[in-house]
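Step one of this worksheet: look at the structure below.
The values are calculated or read from the model by the stated rules, or taken from the named source; none is laboratory data. Note that the structure is a prediction, hence the values are computed from the model and not measured.
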Amino acid sequence: MEILQSFCKKYVKIPSEAGFIFFVNNIPYNLEFYLIFETENEELFEVGRKLLQKVAIKELSLLTTKQLIKYSSTRRFDSISIPADINLIQMMFPSLFRFPERKYLIEKGYGFLDDISIFPPNTIFFSYANKKLRNDIIKIKSLLTAETYPVFFDIQSLFPGDNLEDKIKSYIVDAQAIVFFIDDSFMRSKFCKQELDITLENNIKHMFIIDKNLKEEYKRSEPKLQFTNSLFIETDFNNINHLELYKKIKEFINS
């Protein structure tokens with residue numbers, strides 16, 4: 001609560017320009033607490049995100065507000081929406097919780113589930129290696145998740161303690177479709193090539209988005225990119241049209 005109040009006091013000029021949605025499962029043996037931070041101010045969003053990351057157990061980039069509302073209809077969640085106002089947070093936040101702190105419950109002998117996955121079977125898996133593409137991919141992901149298409153796109157979608165290789169393999173096999181963003185960095189990546197191998201071995205639906213600047217030597221050296229039953233889209237990774245790629249990915253998923 002103190003971090004939320006500090007954020008509002010220091011960064012929020014108008015309470016209505018940002019807000020928090022809280023979802024709390026008040027079952028002592030299976031405690032769940034989700035906080036959604038919403039704002040249309042990109043600069044304010046990044047500041048709030050960095051502050052919350054310091055205290056969050058995990059940033060769940062796969063979850064959307066719509067999904068949590070849907071889950072809450074069949075599960076015992078308490079939910080409340082609060083504008084970014086110091087006084088309202090102080091008044092409303094404590095009322096969300098009907099249980100003592102986790103530390104106290106552990107001391108009393110309660111156990112906690114550590115292997116919880118929210119990875120839905122209809123998830124779209126994004127495979128890429130170039131860190132410079134991350135912001136572009138986030139924009140495409142946001143357009144998809146806004147329409148309730150869950151997207152796994154990097155290791156931040158994993159939980160602490162997950163075995164990286166085992167989890168990614170299981171996620172690829174269970175995914176609805178795989179989207180490969182192929183450029184020179186992808187072709188040099190051991191992990192991306194493993195993801196491509198797993199996809200082809202398990203005959204998972206997939207598409208290739210290929211950088212027009214991909215070196216010819218890579219095109220010739222990777223026969224797996226020559227498969228005619230895969231969808232190919234060529235684009236300039238230095239000038240990505242997010243809306244166009246989003247539409248093509250969505251069309252591919254629904255085909």
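Tabulated data
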| item | result |
| --- | --- |
| Residue check, residue 250 modelled with pLDDT of 85 or more and either part of a helix (DSSP H, G or I) or under 17 Å from residue 129 (Cα atoms) (or both) | yes |
| Segments classed as helices (runs of 4 or more DSSP H), wholly inside the range 89-183, with at least 2 members that are modelled with pLDDT of 80 or more | 134-145, 164-174 |
